[in-house]
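One structure below.
The values are calculated or read from the model by the stated rules, or taken from the named source; none is laboratory data. Predicted model only: the values in this text are computed from it and were never measured. Here Cβ is always computed from backbone atoms with ideal geometry, including for glycine, and neighbour counts include all displayed protein chains.
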Amino acid sequence: MEAARRWLNDDAAIQLWNENHPERNLPELLKTGGGFAKIPGFLPENVAEAVCASLHALDSWERAGEGGCDDLEYTDRVRHRFWIADVETDDILLGASRVLARLLPDTLPNFSAARYEGNDHIAAHDDLVPEAYTTEEICEVRKAFGSDDLQSAVAAWKNKRRASQQLEDALATQDLAAVRQAAAAAAKASEVVQYRRWVAAAYYLNKDWQPSFGGHFTDLADPSLPVRHLPEFNTLVVFEVPRLHSVEAVHGLHARYSLFGWWLLEDTPKRRRKVMRKPSSSIISSRKRKTSQQTLT
C-alpha cells in the first residue's frame with residue numbers, strides 16, 4: 001500500500017508510466033475506436049491492488065437510485081441502483097482518479113467510486129445530461145485534482161469551509177466590514193457555470209471476476225449488436241458521450257467495484273450545437289457530491 005501511495009504521489013513516475021505506454025493516447029484511441037476504447041493494465045499491478053483494497057475498506061458509501069439519491073423530476077430517468085462514494089476522501093482513490101484526469105487535460109474531472117451487489121444494475125442510458133457547478137465547487141475540485149500531496153488534498157477536502165459558512169461567521173461577529181467582504185465572496189462563489197460531459201470512464205477493480213457473476217458493461221451503440229464487456233481487474237473502459245450503454249445486474253454475493261465518471265467541458269452554444277440528443281436514448285440521475293443532478297455510469 002505504501003509503495004502505491006508513493007507512486008501516486010510521484011508526478012515524474014506517473015509521467016514516465018504514461019510515456020512508456022504511448023499506445024494509450026486516449027484522444028487517438030477514441031478516434032480510431034469510433035468513440036470507444038478499452039485499456040487493460042491501466043495502472044501498475046501493485047497500484048491497482050492498492051486501489052482495490054481502498055475500495056473494499058471504504059466506509060462512506062451511500063445508496064444511489066433510492067429515496068433522496070434519486071432525482072424524481074427527471075421524467076426520462078432509467079432504473080438503477082448501486083452504492084456510490086467520493087474519491088476525494090481517500091488518498092489512494094484520489095490518486096488513481098488524478099491519473100485518469102491526466103488522460104484528457106484541460107477538462108474538469110468528475111470521478112466517483114461505485115459498488116454493485118445483490119442485483120444492482122443500471123438500465124440503458126446515454127449519459128447525456130447537463131451539469132452545473134458553482135465557481136466555489138470548481139475551485140474545490142481543481143484543488144483536489146491539483147499537485148498537492150494526496151494526504152494534504154484529502155484533508156483539505158474533508159475540512160473545507162464554504163463561503164456561506166464564512167458569511168455566517170462574519171455575521172456572528174457583527175463586524176460590518178467583515179460581513180460585506182464575506183457577502184461579496186459568497187456571491188462570487190455561488191456563480192454557476194454550465195458543463196457538459198465529453199468522455200465517460202469506468203475503471204474496474206474486480207479480482208477473478210467470472211461471467212456468471214454478471215455486472216457486464218454492455219455497449220449499445222448499435223442496439224442490434226450489443227457488445228458485453230466483463231468488468232475485469234485493472235481495465236479501463238472509456239467512451240464519448242452520448243453513447244447508449246447499460247450495466248447488467250450483479251448476481252449472488254459478489255460485489256463489483258469501479259471508479260467511474262466523466263471529463264467535463266464548459267458548455268458553450270457552439271459546443272452545444274455539436275451534441276444532438278438521440279431520440280432513442282435515455283438517462284438517469286442521482287444526487288452526488290458536487291451537483292444535485294447526475295447521470296451515473
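Here are the numbers:
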quantity	calculated
Residue list for the range 216-225, filter: touching a His at 6+ places or on another chain (Cβ under 9 Å) and more than 16 Å from ASP127 (Cα to Cα)	HIS216
Residues of the range 128-141 that turn out to be at pLDDT 95 or above, buried (at least 18 other Cβ atoms within 10 Å of the Cβ) and within 19 Å of ALA101 (Cα to Cα), as a count	5
Top-ranked residue in the range 1-46 [being more than 28 Å from PHE217 (Cα to Cα) and touching a Phe, Trp or Tyr at 6+ places or on another chain (Cβ under 9 Å); ranked as surrounded by the fewest Cβ atoms within 10 Å (Cβ to Cβ)]	ALA13
Output for the range 220-238, where each listed residue is crowded, with 16+ Cβ neighbours inside 10 Å and free of Cβ contacts under 8 Å to residues at least 60 places away in the same chain	LEU230, PRO231
Pairs, first at pLDDT 95 or above in the range 87-105, second small (Gly, Ala, Ser) and part of a loop (DSSP other than H, G, I, E, B), C-beta under 7 Å, six or more apart	THR89/SER60
Residue check for ARG79: in contact with a strand residue (DSSP E or B) (Cβ under 7 Å, 6 or more places away or on another chain) and under 28 Å from LEU230 (Cα atoms)	yes
Filter result (loosely packed, with under 13 Cβ neighbours inside 10 Å and either touching a helix residue (DSSP H, G or I) at 6+ places or on another chain (Cβ under 7 Å) or among the acidic types (Asp, Glu) (or both)) within the range 208-219	ASP208
Filter pass, SER164 being out of contact with any strand residue (DSSP E or B) (no Cβ under 7 Å at 6 or more places or on another chain) and closer than 29 Å to CYS52 by Cβ	no
Filter pass, SER112 being within 27 Å of HIS56 (Cβ to Cβ) and touching a Phe, Trp or Tyr at 6+ places or on another chain (Cβ under 7 Å)	yes
Lone qualifier among VAL247, VAL241 - being in contact with a Leu (Cβ under 8 Å, 6 or more places away or on another chain), surrounded by 16 or more Cβ atoms within 10 Å (Cβ to Cβ) and β-branched (Val, Ile, Thr)	VAL241
Qualifying position, being surrounded by 20 or more Cβ atoms within 10 Å (Cβ to Cβ) and either out of contact with any His (no Cβ under 9 Å at 6 or more places or on another chain) or polar (S, T, N, Q) (or both), among ALA156, ALA144, ALA177, ALA186	ALA144
Residue list for the range 1-36, filter: without any contact (Cβ under 8 Å) to a residue 12 or more places away in the chain, assigned to a helix (DSSP H, G or I) and closer than 21 Å to VAL237 by Cα	GLN15, GLU19, PRO22, GLU23, GLU28, LYS31, THR32
Failed item, numbered, when ALA170 is tested on (1) crowded, with 18+ Cβ neighbours inside 10 Å; (2) in contact (Cβ under 8 Å) with a residue 40 or more places away in the chain; (3) assigned to a helix (DSSP H, G or I)	(2)
